[in-house]
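Rule-based calculations on the coordinates, nothing more; no lab input. Here the structure is a predicted model, which is why all the values come from computation and not from measurement.
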Amino acid sequence: MNEVSVWFYLLMVCLPSLIIFAACYLLIRQFLKNKEQLELLAIQKHTSANVLPLKLQAYERLILLFERIHIPNLVVRIRTKKCHLVICSQH
C-alpha cells in the first residue's frame, strides 16, 4: 500500500464516523436543552402557584397598614390618647 491509499482509507473510515458523531452530539444537545427548558417551566409554574397567594396577602397587609397610618386617622387616635391621658391624670 502506498501512502496515498492509506490516507484515503483513513478518510473513508473516519469521515462517516465523524459525521455520525456530530449528528448524534447535536441531537442529544438539543434534547437536553429542551428537557431543561421543560423542567424550568414546571418549576416556574409551581413557584408562581405558591407565590401568588403570598403576594396577594402581602398587598392586603400593605393596604391595611396604609389605612391605619392615614393622617386623619392618626390625628383622631392621638386626640383620643391625649384625652384618655388627661382623664386618667385627673383621677
Determine the gain in length on full extension of the stretch ARG61-GLN37; use 0.36 nm per residue of separation and subtract their C-alpha separation, reporting nm with one decimal. 5.1 nm
Contour minus end-to-end for HIS70 and HIS46, with contour as 0.36 nm per residue of separation and end-to-end as the Cα-Cα distance? 4.9 nm
